[in-house]
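The values are calculated or read from the model by the stated rules, or taken from the named source; none is laboratory data. The shown structure was predicted, so the numbers you read here are calculated from the model rather than taken from an experiment. With ideal geometry, Cβ positions are generated from the backbone for all residues, glycine too; neighbour counts draw on all protein chains shown.
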Amino acid sequence: MTGRVQETGQEVYIKFIDYDINTAVYSKADLLKAVQHQLSSSRFTRQFQVVDFDKDARVTNRYGDLYIAGTDGSVNFGKDEVQQYLLSGHVILKKS
């Protein structure tokens, strides 16, 4: 996942996010909080705030299956076996 700074278009690399999903449905706000938590853990990126997902943001499982967010922005991961998911694309950032 990469961040794009709203004001400048600068791209900011976001380190690998290891986040436990313990419910079938995750809200957009919870997913954005996970990204924000990762940004806050580095002194190079803690100056940024996550605003939203950009149009190219995607969630896929290890088989490449795409998970589509509902109208409220939440993603239903179902009740599958333990899996790894990939959040790719961009989030929109602003400087704090």
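Being assigned to a strand (DSSP E or B), within 21 Å of N22 (Cβ to Cβ) and within 14 Å of the chain's Cα centre (by Cα) is the filter here; which residues of the range 63-96 pass it? Step through it out loud before you land on a result.
If we filter the range 63-96 for residues that are assigned to a strand (DSSP E or B), which is where we start, we get 66-67, 75-76, 85-88, 90-95.
If we keep only those that are within 21 Å of N22 (Cβ to Cβ) as well, we get 67, 75-76, 85-87.
Across the range 63-96, the qualifying residues are Y67, V75, Y85, L86, L87.
Inspect all residues belonging to the range 72-91 and state whether any of them is β-branched (V, I, T), touching a strand residue (DSSP E or B) at 6+ places or on another chain (Cβ under 7 Å), loosely packed, with under 15 Cβ neighbours inside 10 Å and modelled with pLDDT of 90 or more.
Scanning the range 72-91, I find no residue that is β-branched (V, I, T), touching a strand residue (DSSP E or B) at 6+ places or on another chain (Cβ under 7 Å), loosely packed, with under 15 Cβ neighbours inside 10 Å and modelled with pLDDT of 90 or more, so the answer is no.
Can you name every residue in the range 66-96 that is without any contact (Cβ under 8 Å) to a residue 40 or more places away in the chain and among the charged types (D, E, K, R)? I'd like the intermediate steps shown before the answer.
Step one: list which residues in the range 66-96 are without any contact (Cβ under 8 Å) to a residue 40 or more places away in the chain, which gives 66-68, 70-71, 80-84, 86.
The answer is D80, E81.
Any idea which residue in the range 41-62 is surrounded by the fewest Cβ atoms within 10 Å (Cβ to Cβ), counting only those that are modelled with pLDDT of 90 or more and assigned to a loop (DSSP other than H, G, I, E, B)? Walk me through it before giving the result.
Here is the first cut: in the range 41-62, the ones modelled with pLDDT of 90 or more are 47-60.
Applying the additional criterion that residues be assigned to a loop (DSSP other than H, G, I, E, B) yields 47, 54-57.
Details: Q47: 15, D54: 15, K55: 8, D56: 10, A57: 18.
Looking at the filtered set, the residue picked out is K55.
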